[in-house]
Amino acid sequence: MTNGRLMMGLVLVGAVAIGSVTARADDERSNSSACRNLPSYSALRNALVAAQGEDNGGFGLQMWATVVNRDGIVCAVAFTGGNRGDQWPGSRVISAQKANTANAFSLPGLALSTANLYSAVQPGGPLFGLQESNPVDTSVAYGGNASQFGRSNDPMVGSRIGGINVFGGGLALYDKRGTLVGGVGVSGDSSCADHNIAWRVRNSLELDHVPAGVSPDGTRKDNIVYDIAAQAGQMPGVSASGWGHPVCTATATTIAAGLPVTQ
């Protein structure tokens, strides 16, 4: 009788263990499938390192980048420095917010970069309050082992991060068929330099087949727009188009005007 119960217990434990392993394998296959049309960790990091190494009109700081798929699931997180402390630690989650925002507020026929949202969310703007919606899932953002942050096994990978960010550095990703497949976010320097770096990363990954945007430059459809003019009583100034972003440096502005054209 005792031996029978013991055998039954071992069978149940084995079944649970096998079920757990199977579930983990299914999750891994699901995550891999969800991200199959998006850059790998290595591809993202290589593109980020190359883009950060150019003059972007900022401070030349080390950077973070995150890619999400169309459902907002994190597919890859990378940094350019030698370890996770070589770039602002807070920029890891900001890069994920930017990726999520660009994906969440772009459409198959219209791309909005995070830089495009700055003016619209100011008090009195048509999208005021947007930045308070879709909060970051803090258990995803801050969970896991910090030693894995920015690595191929970053704890955010495979989970939906959420979050909204409304300054430069986030871009929607469109493949060669013009299909919207997700978003990329970059953070670690000035917001204007972040935008320039993100733009170069997307171009390097060949995910810049953008259908339309709000930029007046039709060859760079979702580019950052610098058209905010000072106005009495308006602390941030007023954007002529409604999609403007503050100027950081004259160099960053000039660089943005000469970024690779969208496909």
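The computed Cα extents along the principal axes in Å for the structure shown corresponds, within (1) 69, 48, 40; (2) 74, 45, 34; (3) 88, 37, 37, to (3).
Please report the carbon-and-sulfur percent of the accessible area for the range 77-132; probe 1.4 Å, protein heavy atoms only, DNA, RNA and ligands left out.
On the way: 1310 of 2150 Å².
About 61 percent, which is the carbon plus sulfur part of the accessible surface.
For the range 156-230, the solvent-accessible area works out to 29 Å² per residue, with a probe of 1.4 Å and every protein chain left in place. Adding -39500 (n - 2.57) for every DSSP H run of four residues or longer, then dividing by how many residues the chain holds, sets the calculated 222 nm ellipticity at -10500 deg cm²/dmol.
What number comes out for the charge environment of residue 69, summing +1 per Lys or Arg and -1 per Asp or Glu over other residues with Cβ under 13 Å away? Show your work: numbers first, answer last.
Numbers: positive: 36, 70, 160; negative: 71, 175.
With Lys, Arg at +1 and Asp, Glu at -1, the net is +1.
When the P(r) is computed for the range 175-237, the part past 16 Å accounts for 57% of the Cα-Cα pairs. Taking a Cβ cut-off of under 15 Å around residue 196, the surrounding Lys, Arg, Asp and Glu residues balance to a net charge of -3, with basic ones at +1 and acidic ones at -1.
Please give the contour-minus-distance gain from residue 251 to residue 42: 0.36 nm per residue of separation, less the Cα-Cα distance, rounded to one decimal in nm. Don't skip to the end; give the middle numbers.
Details: separation 209, 0.36 × 209 = 75.24 nm, distance 2.97 nm.
Full extension from residue 251 to residue 42 adds 72.3 nm.
For residue 59, the solvent-accessible surface with a 1.4 Å probe is about 150 Å², rounded to the nearest 10. Near residue 161: Cβ cut-off under 15 Å, other residues only, Lys/Arg at +1 and Asp/Glu at -1. The net charge is +1. Measuring with a 1.4 angstrom probe and ignoring ligands and nucleic acids, residue 42 comes out at about 70 Å² accessible. Seen through its C-alpha gyration tensor, with square-root eigenvalues sorted a ≥ b ≥ c, the range 204-245 comes out prolate because a/c lies at 1.5 or above while a/b is bigger than b/c.
If a spin label sat at a point 7 angstrom from the Cα of residue 227 along the line to its beta carbon, the backbone N atoms of the range 240-254 nearer than 13 Å would be those of 240-245. Just name one of 163, 201, 127: the one whose Cα is farthest towards the positive end of the charge dipole of the range 108-214 (beta-carbon charges, Lys/Arg +1, Asp/Glu -1). Highest projection toward the positive end goes to 201.
The values are calculated or read from the model by the stated rules, or taken from the named source; none is laboratory data. Being a predicted model, the structure only gives us computed values, none of them experimental. A quick note on method: Cβ atoms are made from the backbone with ideal geometry, for glycine too, and the neighbour counts reach across all protein chains shown. Each accessible area value is taken on the protein alone, full model and side chains, heavy atoms only, with ligands, DNA and RNA left out. Shrake-Rupley method; radii C 1.70, N 1.55, O 1.52, S 1.80 Å.
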